[in-house]
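These notes are about the structure you will find just below.
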Amino acid sequence: MTNRQLAAQQTKKKLMEACKELITKKGLAATSVDEITEACGVAKGTFYTYFKRKEDIVFALSEGMFGEILENAKKAPGGAVQKLTNYLVNFSDYIEKGGVKLAQEWVKNVADSDLCDNGGTQKLANDLRDMRALLDHLAQTGALRADAEREELAKELVELAYGQMLCWCMNGGSYSFKERAEAFCKAYLREILSDHIVQ
């Protein structure tokens, strides 16, 4: 990677970090591009080198950590229930750490097709892809039955995670999303997987 590419990567990262901090404090609607660029010490035009509009940062922020969460879940000790619990709990923890305002902005922008430019569709596709990759890994390692309906199971688990996130957003983050995910996994995940795991 050239020095110019490294500098561009650092600038984009600074813009994303500044935006995340501002959105977490005051919400996306109340955050201007001027505030984001001022917080980074760059010209306003620099923002548009990396993003079409400020809503695009919400989608970019959501992509960064999820690959790492997937890889950590694959390496986690235990079988299918433990590895899927690891993934779902860390998925929830990452969203919770970003703050309820950021999650609400993401949900709002995904739901509004005029704003999302297929970003929401892409995010859902990415999350389904990652869940399917984890389920494929579990089948390859013998923790999940080889004939398990992994595509349908991936959809079910991602929809459950999204539903929990939406409820957490609607409640204004009044409880811990991570703890709710842990409680859900402890109470229901083994039953959901009962027809799919190797006994």
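Couple of notes before you dig in:
- Taken together, A76, A29 contain a single residue that is of a type in the set (A, V, I, L, M, F, W, C) and farther than 17 Å from C169 by Cα, which is A76.
- Selection within the range 4-57: residues that are at pLDDT 90 or above and touching a Ser or Thr at 6+ places or on another chain (Cβ under 6 Å). The member of this set that is nearest to G98 (Cα to Cα) is F47.
- For beta carbons closer than 7 Å, sequence separation of 6+ or different chains, a first residue in the range 73-90 that is over 15 Å from A187 (Cα atoms) and part of a loop (DSSP other than H, G, I, E, B) and a second that is open to solvent by 10 Å² or more (accessible area, probe 1.4 Å) and not β-branched (V, I, T), the qualifying pairs are A76/Q82; A76/K83; A76/N86; G79/A143.
- Taking the criterion of being in contact with a helix residue (DSSP H, G or I) (Cβ under 6 Å, 6 or more places away or on another chain) and open to solvent by 70 Å² or more (accessible area, probe 1.4 Å), the residues of the range 1-21 that qualify are K12, K14.
- Within the option set L102, L115, being within 30 Å of E17 (Cα to Cα), aliphatic (A, V, I, L, M), at pLDDT below 95 and open to solvent by 30 Å² or more (accessible area, probe 1.4 Å) holds for one residue only, L115.
- Condition check for E63: surrounded by fewer than 19 Cβ atoms within 10 Å (Cβ to Cβ), at pLDDT below 95 and closer than 19 Å to A18 by Cβ: yes
- Helices (runs of 4 or more DSSP H) wholly inside the range 15-66 containing at least 2 residues that are small (G, A, S): 55-63
The values are calculated or read from the model by the stated rules, or taken from the named source; none is laboratory data. None of the values given here were measured: they were computed from a predicted structure. Here Cβ is always computed from backbone atoms with ideal geometry, including for glycine, and neighbour counts include all displayed protein chains. Accessible surface is based on the protein model in full, side chains and every heavy atom, while ligands, DNA and RNA are left aside. Shrake-Rupley method; radii C 1.70, N 1.55, O 1.52, S 1.80 Å.
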